[in-house]
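Take a look at the structure below.
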Amino acid sequence: MRKDIGIPLLLVIGVACSQRVSTEEEFARSERDRPVVSAEGVRLPTPVGTPGGGMPGSAGMGAPAGEVDADDEAQTIRGTIAAPSGAGGGVLFLFVRAAGATGGPPLAVQRIPSPSFPLSFAIGPADAMMAGGPFPDRVTVEARLDADGNAMTEGPDDVSARAEVAPGASGVELTLGP
């Protein structure tokens, strides 16, 4: 190393090392910069049996207790799911997608472990995975009884049904089959 740059280089390295922030200091900064969320901005699951409430075991998020969004309620799809005799166990996934969509995240979803059939359902914007506003004019409702409980896989024992409907439809009948 050349002598004429050795000392200035050591000074630069020394200053840089003295500026290092410890893990504890960095954590304290990240906590200080974290935004505060008010309790009014948090949506909790609505108990089953209340307006806008989810199905038992569903992943849906309802409106805060006592509040039902009229637009969400008007777009809720209601119906019945039937299954062949002997079908049971596993997990029933109920999805709503835009009509014609073949992939991507669903608009709304419910997860119902160990369902018994026939099963009444209600799914709408209150069950949305992400806030996205109202449903489009036509949607596809799909029910799939998944033997391994993994929504990302489809096995040979899984049975499903789907129907294209308008948001707010009632009396939708889905019969699970291969």
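Each reported figure results from applying straightforward, stated rules to the coordinates on display, with no laboratory input. From a predicted model like this one, the values you see are computed outputs, not experimental measurements. Quick reminder, even Gly has a Cβ in these numbers, built from the backbone with ideal geometry, and neighbours come from all protein chains shown.
A Förster radius of 25 Å, combined with the Cβ-Cβ distance separating Glu173 from Met130, puts the computed FRET efficiency at roughly 0.30. Sorting 92-104, 120-132, 154-166 by their mean Cβ neighbour count within 10 Å, with the most densely packed peptide first, gives 120-132, 92-104, 154-166. When +1 charges are put on Lys and Arg Cβ atoms and -1 charges on Asp and Glu Cβ atoms, the dipole computed for region 75-178 relative to its Cα centre reaches about 260 debye.
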